[in-house]
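Here's the structure we're looking at; comments come further down.
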Amino acid sequence: MDGNQQGAESSTAEVYLRNTWYQAAWSYELGEKPLARTILGVPLLLFRSEGRPSAIFDRCPHRFAPLSAGKLENGVIECGYHGLAFDGSGRCVRNPHGPITSAMRTPAFPVVERYHGIWIWFGDADAADIDLLPDLSYIDDIPESARILMYMPTAANYRLLTDNIMDLSHADFLHPTTLGGVIADSKFRQYDRGNGLVAEWVNLDCLAPGVWQGKIPHPAKIDYYIDVEWQAPAVMTLSNTVVPTGNQITTADCYKSLHNMTPETDKSTHYFACTARPDHFPDDSSKMKELLEQAFLREDKPMVEAQQRRIGDADFWSLRPILLNIDTAGVKARRRLDRLIAEERATSAA
Amino acid sequence: MDGNQQGAESSTAEVYLRNTWYQAAWSYELGEKPLARTILGVPLLLFRSEGRPSAIFDRCPHRFAPLSAGKLENGVIECGYHGLAFDGSGRCVRNPHGPITSAMRTPAFPVVERYHGIWIWFGDADAADIDLLPDLSYIDDIPESARILMYMPTAANYRLLTDNIMDLSHADFLHPTTLGGVIADSKFRQYDRGNGLVAEWVNLDCLAPGVWQGKIPHPAKIDYYIDVEWQAPAVMTLSNTVVPTGNQITTADCYKSLHNMTPETDKSTHYFACTARPDHFPDDSSKMKELLEQAFLREDKPMVEAQQRRIGDADFWSLRPILLNIDTAGVKARRRLDRLIAEERATSAA
Amino acid sequence: MDGNQQGAESSTAEVYLRNTWYQAAWSYELGEKPLARTILGVPLLLFRSEGRPSAIFDRCPHRFAPLSAGKLENGVIECGYHGLAFDGSGRCVRNPHGPITSAMRTPAFPVVERYHGIWIWFGDADAADIDLLPDLSYIDDIPESARILMYMPTAANYRLLTDNIMDLSHADFLHPTTLGGVIADSKFRQYDRGNGLVAEWVNLDCLAPGVWQGKIPHPAKIDYYIDVEWQAPAVMTLSNTVVPTGNQITTADCYKSLHNMTPETDKSTHYFACTARPDHFPDDSSKMKELLEQAFLREDKPMVEAQQRRIGDADFWSLRPILLNIDTAGVKARRRLDRLIAEERATSAA
């Protein structure tokens, strides 16, 4: 064991899947003011023109001032330094100092708005097909009064946050007073669903986790079904079904939530989550908020950020992680994503 | 457009012109206490001996403690760690532990005091000719009650700050309420003057900028003449003449101001400015100060620092900036300086 | 003198002596709660099991969460992320998710507790002989009421702190009001004692330093004897004898103190000190504390940290320090340590 030897662990520059949609923001984050946000290491300016969202490289091609230091008027961003103005396609539409030439442009990225979110595409623009978006229509189906949208910037690589969701066994240890206690002795399965990967836990006749205590009749024994479906690059949908033990299950008993990880840089992530407030939390939004903050902000975030600091610049695999059965789904997701990235690079090199 | 591709932009270690005078401070900054300041990446200690300024490398040659952590007495700096003392020539003048040897010295730099400033020379000491100072005697000619000396440390390369002054068109966009509004439709000329470069804007019968509003009779139509003379490495003198439209111009109508950029590091600059309070601001120094702070501190500084952050470690030209006519003078200054640096390096290599 | 030329100074990755004991903590620092501390660049978790101290690598081998984010129960550290638990030998003793395999371990390091301190060994575990500890039994001999243990983290390489103690002449300049004033005109000797190096200063019939003023009869003339014994890697014992001039010396007049430097990283050090409150400070602990804080915290620490900042990443010798006679002992200690490290590396490479 050697401080110096640790330096020998290999480090890799992050390579991202590009021909895919990344969530850039929740719709509510992008109002009348532009939003400056770095995604996949690229500083972007998101803004709306007649309601329609755009994303352009946040750097004026003239002297490289950030366009986010300028102003938005009539769907056009005017650079705050010398007044060149750009529309959502990145083209210069106003040059106060002379003619507009074709070189006067800043890169623009395909953007769509769906599922209450703004989505961006970094790959080949011609391939930016809206049908390639994952089906998250359940978000739209949640009544607005029950829909909780969260944004949590996290100082960790997005794959560590994928691991966190694909292995819910962590809840028993990291979230013992709220969500934990039912995974350890549950029945686990992992299987494919289309292009996605599913991790599933079932625990019949178990004691309800802390968050359900007092919400269902004593002694609060439940049948607990949860599965997570992962889709590349890091879109995860949890389906959570909890009924008093032996009760018949209806579709109304199933709550879906989104955990979507968009890389900001190789060591930071935009964590987007959507949860539905269950019926038994009807008038209790402060309680629900407190619970989410406990689990997300005070438990998941510090742990995953500490994990990232310990990993530092090292490549994850070069540290030779121990593989447990609980890692099955997470490791499969990592490898599936690796393969997709490798295929994409092979194609673009061809 | 690729976050990774950005890494491919070339980055260069800053090379400075050395056989030239750089302003190290305003005279008022260097009182009885020494002044520690990094210039061209070199940590320096500036201090006075019998009033005469000196500049020595701020590191004791014994154990490398900063001499600025010591004390100045009778024109001699005593290291606070082991008591070796150095005079303004960098020679050790006291060794409490034994004899003084010729190795006991810290580098010293030629320094002169002129135009209310302290000037330093990093090149060949034999070539440090006071006559090579730019002629800034206009600073001495400003009545003391009207002379405003400013020092603004700025986290940006000094060439970005040169660009800022050599292209005053930015005033229309960055300083719209104070200085802007007259450049856009002015007549522009660029020409050489001796070793210097001049950028000139003339706008006859235009509306006075915000700063003049209320100072001259309604409707405040003016004839506006402004030119900037650049001298290497980054000394710029603005000559500003404003008269009510059609008035005869006298030399008294011309106000000169200095904008002088001394590199601290490759990403930070000591910005020295001297302006003259015009006659029509006679008893209104707080108003003048507010105006300068608005333009310098709250508009120029944040924009140029944001520009520097967007450029990061990349070489400016490797980012392929768009060239507009407004960049004529700034680009010429960049190239002139490049040529001077290249010539100096060729000479010293010969 | 050139900012760029400074970059040419060579920089070296720190290499440490490994087959030696490093002080990791004072015993009082390691109570019921674990202590996370980086030593020689290795993040460690120190904790007690049935009173006995252990030190393990502070990173879970599963997903690399810091074990210090977990909890200690019954002498076992449970990872806060997924519940794997490790004992003081680094072996996994509980895996809630399946069988325990031999790969489930985190490196552990030999640890002993002696002289009111916790000591750790980074070299070959078989060679971790308790008899290799330096003899610091004088610490145990200090009556508890007079024993003052200090811990001062310092942002400087440990060798700079060794230099500081091996050359006490700095006291005259850095601690003039408390400890200084007797070294300058003392008689200095340097000699070997076993494997150690001794620096000795004797000053007969001198004025007592500030700290003794008012403690001994006017005119406070004293005979002053002080020596420092250095043992690798950076364990230094000061023996301080002060008697009114001409008095007979007894062993009771000699006060010993420890100055022990454990590298945290190549630019930071855990500074452990033990001093004995002399008899003439009997009921005056606040005065003694104030004095130590003045010398350690407000004088030594800022100066050595400033020295480190000026040295930066450069190798100390590449800066060509001037060698004075006062550096004799410090330079010998540096070279002795260099030789020990070189021998160790030669042996391990053989």
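Points worth noting:
- Shape category assigned to the range B:1-147 from the gyration tensor of Cα positions, a/c cut at 1.5: oblate
- Gyration tensor analysis over the Cα atoms of chain B returns equivalent ellipsoid semi-axes of 39, 25, 18 Å (largest first, whole Å).
- Across the identical copies, how the residue A:98 labels are spaced - nm, sorted shortest first, 7 Å along Cα→Cβ: 6.7, 6.7
- Taking the longest Cα principal axis of chain C as reference, the axis of helix C:328-349 is set at about 20 degrees.
- Computed over the Cα atoms of the range A:178-324, pair by distinct pair, the Kirkwood hydrodynamic radius stands at 17.4 angstrom.
- Highest mean first, the peptides B:180-186, B:32-38 sorted by other C-beta atoms within 10 Å per residue fall in the order B:180-186, B:32-38.
- Teacher prompt: residue B:298 distances to equivalent labels in other copies, 7 Å Cα→Cβ, nm: 4.0, 4.0
- For the range C:141-148, 3J(HN,Hα) computed residue by residue from phi via the Karplus equation (6.51, -1.76, 1.60; θ = phi - 60°) reads 6, 5, x, 4, 5, 9, 7, 10 Hz, glycine and proline entered as x.
- Cross-link partners of residue C:221 among aspartates and glutamates, defined as those whose alpha carbon lies under 13 angstrom from its own and excluding same-chain residues fewer than eight positions apart: C:205.
- Residues whose amide H comes within less than 5 Å of that of residue B:76, counting only those at least five positions distant or on another chain, are absent (H built at 1.01 Å from N in the peptide plane).
- Peptide packing for B:245-255, C:198-208 was compared via the average number of neighbouring C-beta atoms within 10 Å per residue; ordered from the highest value, the list is C:198-208, B:245-255.
- For residue B:215, the lysines whose Cα falls under 26 Å of its own Cα, not counting residues fewer than eight places away in the same chain, are B:187, B:256, B:287, B:289.
- Note on residue B:340 and residue B:141: the extension gain reaches 68.6 nm, defined as 0.36 nm multiplied by sequence separation minus the Cα-Cα distance.
- Peptide A:306-316, shielding by other chains (average Cβ, 10 Å cutoff): 4
- Cα gyration tensor category, rounded, prolate or oblate, for the protein assembly as shown with a/c compared to 1.5: oblate
- Distance between the range B:57-86 and the range B:284-312 - C-alpha centres, whole angstrom: 36
- Integer Hz, Karplus 6.51/-1.76/1.60 couplings in order for the range C:132-137, x for Gly and Pro: 7, 4, x, 7, 10, 4
- When each of B:140, B:172, B:126 is scored by the number of other beta-carbon atoms lying within 10 Å, the sequence from fewest to most is B:126, B:140, B:172.
- For the range A:60-209, Kirkwood radius (reciprocal of mean inverse C-alpha pair distance, Å): 20.4
- Here residue C:33 is the anchor, and the lysines within straight C-alpha reach of less than 18 Å, apart from those fewer than 8 places off in the same chain, are C:71.
- Cα gyration tensor category, rounded, prolate or oblate, for the range B:70-151 with a/c compared to 1.5: oblate
- Interchain or long-range residues, amide H under 5 Å from residue C:25's placed H: C:118
- 3J(HN,Hα) along the range C:79-93, derived from phi through the Karplus expression 6.51 cos²θ - 1.76 cosθ + 1.60 where θ = phi - 60°, amounts to 4, x, 9, 10, x, 4, 10, 10, 9, x, 8, x, 7, 6, 10 Hz, with x in place of Gly and Pro.
- On Cα atoms only, tilt of C:301-311 relative to the major axis of chain C in degrees: 70
- Distance from the alpha carbon centroid of the range B:231-275 to that of the range A:161-220 works out to 69 angstrom.
- Sites residue A:220 and residue A:73 - FRET efficiency at Förster radius 60 Å, r taken between beta-carbons, to 0.05: 0.55
- Of all chain A residues, the one whose C-beta is nearest the axis that brings A onto B, in angstrom: A:313, 10
- The other copies place their residue C:152 label points at 4.2, 4.3 nm from this one, listed shortest first, where each point is 7 Å from Cα along Cα→Cβ.
Values in this text are rule-based calculations from the coordinates and carry no lab data. Predicted, not measured: the structure shown is a model, and the values here were computed from it. A quick note on method: Cβ atoms are made from the backbone with ideal geometry, for glycine too, and the neighbour counts reach across all protein chains shown.
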